[in-house]
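Here is the structure we will look at.
The values are calculated or read from the model by the stated rules, or taken from the named source; none is laboratory data. All of these numbers come straight from a predicted model, not from anything done at the bench. With ideal geometry, Cβ positions are generated from the backbone for all residues, glycine too; neighbour counts draw on all protein chains shown. Note: areas computed on protein heavy atoms with side chains; ligands, DNA, RNA excluded. Shrake-Rupley method; radii C 1.70, N 1.55, O 1.52, S 1.80 Å.
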Amino acid sequence: MTIDRSSNIFETYFFSKIGLENLTATQLFDMVKSGHLQYDHDDSIQFAVRSVKDDVGNIFWAVEVLIANSIKLIRKRPPFFEFYEGVDVPQAFRWSALKGYMDAQRNGIPFLLIEGETGSPTWKDSDTHRIVPIGSEAALIEKLKEKPTTLPITDYTSHNLGVIDARDLSRPFNHTTYHPAKHWPV
């Protein structure tokens, strides 16, 4: 999943070229769609195919599909984001994090703090989260000092979950933009 500077959102699928060398771009996109139970999309969906090589020389097809732009969702479901390296952003919150990142960059807001509050397993309450725009690194550090930066074990306790760094306008929304709050230097 990547975003370009124009707020276009892409999903990229990789297929080994072994046995698929002669497939057309349309046939490869059909393979993408067949890998899902449902792949509803607008007729204006666009895709591109290219050949890529990994670090050890294996050759793959990369099928890059434009699923949303700054105006509309082309694939009929919000994108699903998986952060790398075990960073635990709640799944239901990832689309909001992406939209918050895009808004922050558009409005010149350098940081977004993800605050959380624990629920209660006894009462079957879920943890909740919200995004707080932060105008400077000094203000961010002060907010990080106010609450724990690790998940509390007690019910209904506020904490800081993570920081989204929106300062670099050329950086797409990916694993380099998100930092667990406990790893942000205070």
Pairs with Cβ under 9 Å, 6+ apart, first in the range 27-55 and closer than 16 Å to I67 by Cβ, second of a type in the set (G, A, S) and surrounded by 12 or more Cβ atoms within 10 Å (Cβ to Cβ): F47/A25; A48/A25; A48/A62; V49/A25; V49/A62
Members of the range 142-174 that are among the aromatic types (F, W, Y) and more than 15 Å from R130 (Cα to Cα): F173
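Here is a yes/no grid of residues against (1) at pLDDT below 90; (2) small (G, A, S):
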| residue | (1), (2) |
| --- | --- |
| H41 | yes, no |
| I59 | no, no |
| A62 | no, yes |
| R77 | yes, no |
Segments classed as strands (runs of 3 or more DSSP E), wholly inside the range 106-186, with at least 2 members that are open to solvent by 40 Å² or more (accessible area, probe 1.4 Å) and either under 18 Å from S96 (Cα atoms) or among the basic types (K, R) (or both): 128-134
Residue match in the range 32-46 (condition: assigned to a strand (DSSP E or B) and of a type in the set (A, V, I, L, M)): no
Matching option when the condition is without any contact (Cβ under 8 Å) to a residue 24 or more places away in the chain and either out of contact with any Leu (no Cβ under 7 Å at 6 or more places or on another chain) or closer than 22 Å to S7 by Cβ (or both), among A138, A104: A138
Search result, residues across the range 152-166 that are within 21 Å of the chain's Cα centre (by Cα) and of a type in the set (A, V, I, L, M, F, W, C): L161, V163, I164, A166
Criterion: among the hydroxyl-bearing types (S, T, Y), within 23 Å of S7 (Cβ to Cβ) and modelled with pLDDT under 90 - qualifying residue of T150, T128, T154, T176: T176
The range 148-160, residues that are out of contact with any Asp or Glu (no Cβ under 7 Å at 6 or more places or on another chain) and within 14 Å of A181 (Cα to Cα): P148, T149, T150, L151, P152, H159
Flag if F10 is touching a Phe, Trp or Tyr at 6+ places or on another chain (Cβ under 8 Å), crowded, with 16+ Cβ neighbours inside 10 Å and not in a loop (DSSP other than H, G, I, E, B): no
